[in-house]
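Novice: Below is the structure I would like to discuss, written out as structure tokens.
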């Protein structure tokens with residue numbers, strides 16, 4: 001750890017995107033690439049640290065979804081301390097972790113939809129960036145802005161009650177959790193003063209869905225056609241095929257809905273998923289080994305989850321899932337902008353799950369930690385807000401981490417984001433040799449649909465530091481524009 | 001023999017204490033907190049951290065090693081001395097490799113608590129990034145030299161007292177190894193092997209930082225219930241007050 005290393009930029013989380021678009025002599029788009037120029041060193045500098053430190057250290061990857069990293073690392077450590085995964089923990093341990101996780105999904109999705117995506121939808125892609133931001137939303141659509149802020153607050157309060165802090169808590173420890181809820185804490189979420197109670201959260205989640213569906217009706221072309229392309233989809237699902245964002249087996253379906261990864265135990269993920277490195281980006285390219293590097297890529301995240309699961313095990317979200325699936329006649333949905341729709345269904349599902357967990361007395365139990373026979377290797381997976389998150393660790397006999405491999409959600413979406421950018425580039429650029437303001441905005445909107453971690457900077461005020469270069473066939477830069 | 005009472009002042013306040021007790025203890029008896037990182041009640045003071053530096057009759061002296069005497073004029077809480085203490089704490093932060101965000105001692109760490117007490121936002125000195133190793137070979141103790149401030153508490157307090165004649169001080173289980181810049185604390189090869197669970201826990205508890213850790217117990221205390229989560233380090237919650245009470249009780 002004490003090596004003299006300067007990491008600059010600090011992590012891959014402080015988002016900075018770079019896009020290059022290659023044109024031929026006839027000003028036709030040949031290729032476009034989204035470069036992630038940040039370097040992440042976590043897999044290296046965790047080496048030598050004690051295994052029980054991993055859930056607290058690795059979550060520093062991110063300030064937006066640290067809970068996902070915290071829990072994925074803790075799940076891997078459950079394996080190492082012999083507690084198994086998922087149902088291996090005590091009921092209190094597992095349910096507290098689930099509550100933390102659904103609180104996280106709820107707040108992260110609310111942040112994305114209300115703070116980041118809603119300005120594009122409310123003001124239009126081509127609107128002045130000075131208005132197209134959360135301040136603009138607050139000024140012109142006060143109710144929606146307030147809902148966004150309060151829903152995020154509710155999720156953050158759940159995280160604080162389960163993890164100890166709203167950001168970078170310590171609640172999950174190998175084999176369980178370090179606290180349960182008190183009755184007062186539980187009641188404050190169930191019957192809290194308006195609007196901070198779970199019933200209001202469910203009501204507002206339904207309201208946001210209705211808002212989106214209305215918008216979809218009025219803007220069908222944008223929502224259905226923008227950055228739409230077929231792909232495979234991957235996610236965890238519960239053993240019976242239900243949506244389960246905390247634990248399950250790994251499933252992938254192709255663009256026709258045929259299973260291509262058959263509900264495998266994720267401890268064996270490395271037998272099924274490979275990672276390719278390319279010299280123009282720090283982000284790796286995961287692929288399904290059986291299909292190969294070229295065609296084995298897949299999408300993860302809310303859209304993928306809607307396509308992989310058979311049903312959602314909460315009644316209100318299940319109704320919405322049925323509508324969602326019916327829109328594409330039961331076939332997988334490949335429309336990037338439908339990611340927003342899927343995200344809103346998950347907000348509703350998370351709210352319903354939180355209510356179910358809060359009403360379960362196990363959440364106030366005292367049996368917090370389970371341990372069994374120690375092993376030297378563990379894999380922890382879960383469905384983070386942005387998609388499937390992989391944590392894999394190996395330790396030595398002195399309890400020090402020897403190897404860590406992380407495949408973060410955004411990495412899984414690497415090729416899909418590149419394709420989304422290419423689809424937009426072709427639509428807006430073919431025949432032109434300059435980057436228009438509309439083109440710049442459209443690329444942003446396409447990338448933003450995936451809510452990638454690189455847009456963490458976006459989480460400030462709806463701006464993504466993005467650099468777009470237009471390159472001719474001889475690699476000369478024809479045009480360059482910045483935003484953010 | 002009757003104990004002799006000394007009359008002295010701390011920051012112009014009239015105080016009394018038994019002649020010969022250390023200034024740090026005399027101050028405590030009069031309700032005045034002098035911060036320290038190395039001193040521990042009941043064991044011989046080392047004067048190694050210098051955080052307890054005070055002025056006695058205009059001279060800088062460490063409060064843990066100086067006995068109180070009649071007529072002393074002691075300065076403790078002055079801007080000059082607090083800046084001096086701050087600078088010592090900042091030097092410790094820059095000399096070691098202290099990463100509070102992932103340290104399991106965070107919230108229970110005296111170095112961190114003093115940094116908060118003195119309002120240190122960033123050190124005024126450049127980080128040294130000294131190369132230190134971690135010794136995880138002991139079955140009970142994870143020893144992180146990156147965080148060690150060489151206070152010698154573990155050497156002075158953690159003793160093997162088995163099979164020793166009554167009144168003997170016991171053998172130190174921890175010891176200095178190597179010299180000068182390379183010096184580090186090491187567990188005695190033979191005595192370390194027999195370290196009991198109780199002594200391992202005590203070693204972790206008396207370590208003012210997160211250098212000595214009992215394996216596989218990290219982060220068990222939730223945020224909000226750790227020692228310095230709600231209150232700054234003070235006379236009421238410093239580790240030495242607890243030790244002093246225990247010593248007096250015994």
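The values are calculated or read from the model by the stated rules, or taken from the named source; none is laboratory data. Note that this is a predicted model, so its numbers are computed, not measured. Positions of Cβ are generated from backbone atoms using ideal geometry, with glycine treated the same way; all protein chains shown enter the neighbour counts.
Novice: Name, by its number, the condition in (1) away from chain B (no Cβ under 14 Å); (2) surrounded by fewer than 24 Cβ atoms within 10 Å (Cβ to Cβ); (3) under 23 Å from the mean Cα position of the chain (by Cα) that does not hold for residue A:148.
Specialist: Unmet condition: (2).
Novice: Across segment B:116-136, which residue is surrounded by the fewest Cβ atoms within 10 Å (Cβ to Cβ) among those that are assigned to a loop (DSSP other than H, G, I, E, B) and within 8 Å of chain A (Cβ to nearest Cβ)? Steps first, answer last, please.
Specialist: Step one: of segment B:116-136, the residues assigned to a loop (DSSP other than H, G, I, E, B) are B:118-133, B:136.
Filter once more, so that each one left must be within 8 Å of chain A (Cβ to nearest Cβ): B:129-132, B:136.
Details: B:129: 15, B:130: 14, B:131: 12, B:132: 17, B:136: 21.
Result: B:131.
Novice: I need a count of the residues in segment A:175-191 that are facing chain B (nearest Cβ under 10 Å) and part of a loop (DSSP other than H, G, I, E, B).
Specialist: Here the count works out to 4.
Novice: Residue B:103 is checked against (1) buried (at least 17 other Cβ atoms within 10 Å of the Cβ); (2) within 20 Å of residue B:118 (Cα to Cα); (3) within 14 Å of chain A (Cβ to nearest Cβ) and fails just one. What number does that condition carry?
Specialist: (2)
Novice: Now, a different point. If residue B:139 satisfies all but one of (1) within 14 Å of another protein chain (Cβ to nearest Cβ); (2) crowded, with 19+ Cβ neighbours inside 10 Å; (3) closer than 19 Å to residue B:192 by Cβ, what's the number of the condition it fails?
Specialist: Against the list (1) within 14 Å of another protein chain (Cβ to nearest Cβ); (2) crowded, with 19+ Cβ neighbours inside 10 Å; (3) closer than 19 Å to residue B:192 by Cβ, residue B:139 comes up short only on (2).
Novice: Which of the residues spanning segment A:157-174 are within 11 Å of chain B (Cβ to nearest Cβ), farther than 18 Å from residue B:103 by Cα and out of contact with any helix residue (DSSP H, G or I) (no Cβ under 6 Å at 6 or more places or on another chain)?
Specialist: Answer for segment A:157-174, where residues must be within 11 Å of chain B (Cβ to nearest Cβ), farther than 18 Å from residue B:103 by Cα and out of contact with any helix residue (DSSP H, G or I) (no Cβ under 6 Å at 6 or more places or on another chain): just A:160.
Novice: Related question: Here are the criteria: (1) in contact (Cβ under 8 Å) with a residue 60 or more places away in the chain; (2) within 11 Å of chain B (Cβ to nearest Cβ); (3) over 16 Å from the mean Cα position of the chain (by Cα). Tell me which single one residue A:57 does not satisfy.
Specialist: Answer for residue A:57: the failing condition is (1).
One line per residue, one yes/no per condition, for (1) modelled with pLDDT of 85 or more; (2) within 19 Å of the chain's Cα centre (by Cα):
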residue: B:183; (1), (2): yes, yes
residue: B:190; (1), (2): yes, no
residue: B:199; (1), (2): yes, yes
residue: B:213; (1), (2): yes, yes
residue: B:226; (1), (2): yes, yes
residue: B:231; (1), (2): yes, yes
residue: B:246; (1), (2): no, yes
residue: B:250; (1), (2): no, no
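Novice: Considering each of A:194, A:199, A:143 in turn, give the residue that is over 30 Å from residue A:54 (Cβ atoms), away from chain B (no Cβ under 14 Å) and part of a loop (DSSP other than H, G, I, E, B). Let's see the steps before the verdict.
Specialist: Details: A:199 fails: part of a loop (DSSP other than H, G, I, E, B); A:143 fails: part of a loop (DSSP other than H, G, I, E, B).
So the residue among A:194, A:199, A:143 that is over 30 Å from residue A:54 (Cβ atoms), away from chain B (no Cβ under 14 Å) and part of a loop (DSSP other than H, G, I, E, B) is A:194.
Novice: May I pose another question? Residues that are modelled with pLDDT of 95 or more and farther than 23 Å from residue A:114 by Cα: find the helices (runs of 4 or more DSSP H) completely inside segment A:295-372 holding 3 or more of those.
Specialist: Details: elements: A:302-308, A:315-327, A:338-358.
By residue number, A:315-327, A:338-358.
Here's the yes/no breakdown for (1) free of Cβ contacts under 8 Å to residues at least 12 places away in the same chain; (2) in the same structural domain as residue A:351 (by TED's automatic domain parsing); (3) over 20 Å from the mean Cα position of the chain (by Cα):
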{"position": "A:290", "(1), (2), (3)": "no, yes, yes"}
{"position": "A:295", "(1), (2), (3)": "yes, yes, yes"}
{"position": "A:298", "(1), (2), (3)": "no, yes, no"}
{"position": "A:306", "(1), (2), (3)": "no, yes, no"}
{"position": "A:309", "(1), (2), (3)": "no, yes, no"}
{"position": "A:318", "(1), (2), (3)": "yes, yes, yes"}
{"position": "A:322", "(1), (2), (3)": "yes, yes, yes"}
{"position": "A:325", "(1), (2), (3)": "no, yes, yes"}
{"position": "A:332", "(1), (2), (3)": "no, yes, no"}
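Novice: Hey, among A:38, A:94, A:43, which residue is part of a loop (DSSP other than H, G, I, E, B), away from chain B (no Cβ under 14 Å) and either within 24 Å of the chain's Cα centre (by Cα) or modelled with pLDDT of 85 or more (or both)? So that I can check it myself, show each step before the final result.
Specialist: Details: A:94 fails: part of a loop (DSSP other than H, G, I, E, B); A:43 fails: part of a loop (DSSP other than H, G, I, E, B).
So the residue among A:38, A:94, A:43 that is part of a loop (DSSP other than H, G, I, E, B), away from chain B (no Cβ under 14 Å) and either within 24 Å of the chain's Cα centre (by Cα) or modelled with pLDDT of 85 or more (or both) is A:38.
Novice: If you check residue A:368 against the conditions, is it touching a helix residue (DSSP H, G or I) at 6+ places or on another chain (Cβ under 9 Å) and more than 13 Å from every other protein chain (Cβ to nearest Cβ)?
Specialist: Numbers: touching a helix residue (DSSP H, G or I) at 6+ places or on another chain (Cβ under 9 Å): yes; more than 13 Å from every other protein chain (Cβ to nearest Cβ): no.
When the stated conditions are applied, residue A:368 does not pass them.
Novice: Quick check on this structure: which one of A:431, A:372 is surrounded by fewer than 24 Cβ atoms within 10 Å (Cβ to Cβ), touching a residue at least 60 places away in the same chain (Cβ under 8 Å), at positive phi and over 18 Å from the mean Cα position of the chain (by Cα)?
Specialist: Details: A:372 fails: at positive phi.
Going through A:431, A:372 in turn, just one is surrounded by fewer than 24 Cβ atoms within 10 Å (Cβ to Cβ), touching a residue at least 60 places away in the same chain (Cβ under 8 Å), at positive phi and over 18 Å from the mean Cα position of the chain (by Cα): A:431.
Novice: Any idea which of (1) assigned to a helix (DSSP H, G or I); (2) within 11 Å of chain A (Cβ to nearest Cβ); (3) within 15 Å of residue B:49 (Cβ to Cβ) is the one residue B:98 doesn't satisfy?
Specialist: Unmet for residue B:98, out of (1) assigned to a helix (DSSP H, G or I); (2) within 11 Å of chain A (Cβ to nearest Cβ); (3) within 15 Å of residue B:49 (Cβ to Cβ): (1).
Novice: Which condition number does residue B:25 fail, the rest of (1) part of a loop (DSSP other than H, G, I, E, B); (2) under 25 Å from residue B:172 (Cβ atoms) being met?
Specialist: Failing condition for residue B:25: (1).
Novice: Quick check, is residue A:123 within 19 Å of the chain's Cα centre (by Cα), at pLDDT below 90 and at negative phi? Before you say what the answer is, go through the steps one by one.
Specialist: On the way: within 19 Å of the chain's Cα centre (by Cα): no; at pLDDT below 90: yes; at negative phi: yes.
No, not satisfied.
Novice: Out of B:61, B:92, I need the residue that is assigned to a strand (DSSP E or B) and surrounded by 17 or more Cβ atoms within 10 Å (Cβ to Cβ). Which one?
Specialist: Details: B:92 fails: assigned to a strand (DSSP E or B).
The unique qualifying residue is B:61.
Novice: Shifting gears a bit: Name every residue in segment A:46-65 that is assigned to a loop (DSSP other than H, G, I, E, B) and modelled with pLDDT of 85 or more, in order of residue number. Quick ask: steps written out before the conclusion?
Specialist: Of the residues in segment A:46-65, the ones assigned to a loop (DSSP other than H, G, I, E, B) are A:46-49, A:62-65.
Scanning segment A:46-65 gives A:46, A:47, A:48, A:49.
Novice: Within segment B:207-228, which residues are surrounded by 20 or more Cβ atoms within 10 Å (Cβ to Cβ) and in contact with a helix residue (DSSP H, G or I) (Cβ under 8 Å, 6 or more places away or on another chain)? Steps first, answer last, please.
Specialist: Residues of segment B:207-228 surrounded by 20 or more Cβ atoms within 10 Å (Cβ to Cβ): B:207-213, B:218-219, B:222, B:228.
Those that are surrounded by 20 or more Cβ atoms within 10 Å (Cβ to Cβ) and in contact with a helix residue (DSSP H, G or I) (Cβ under 8 Å, 6 or more places away or on another chain): B:207, B:208, B:209, B:210, B:211, B:212, B:213, B:218, B:219, B:228.
Novice: Taking the conditions exactly as written (surrounded by 21 or more Cβ atoms within 10 Å (Cβ to Cβ) and assigned to a helix (DSSP H, G or I)), does residue A:404 satisfy them or not?
Specialist: For residue A:404, the condition - surrounded by 21 or more Cβ atoms within 10 Å (Cβ to Cβ) and assigned to a helix (DSSP H, G or I) - is not met.
Novice: For residue B:116, are the conditions met, namely being touching a residue at least 60 places away in the same chain (Cβ under 8 Å) and farther than 30 Å from residue B:18 by Cβ? Even if it seems obvious, please write down each step before you answer.
Specialist: On the way: touching a residue at least 60 places away in the same chain (Cβ under 8 Å): yes; farther than 30 Å from residue B:18 by Cβ: yes.
So residue B:116 fits the description; yes.
Novice: If residue B:236 meets every condition in (1) exposed (fewer than 15 other Cβ atoms within 10 Å of the Cβ); (2) within 14 Å of another protein chain (Cβ to nearest Cβ); (3) over 21 Å from residue B:98 (Cβ atoms) apart from one, which number is that one?
Specialist: (2)
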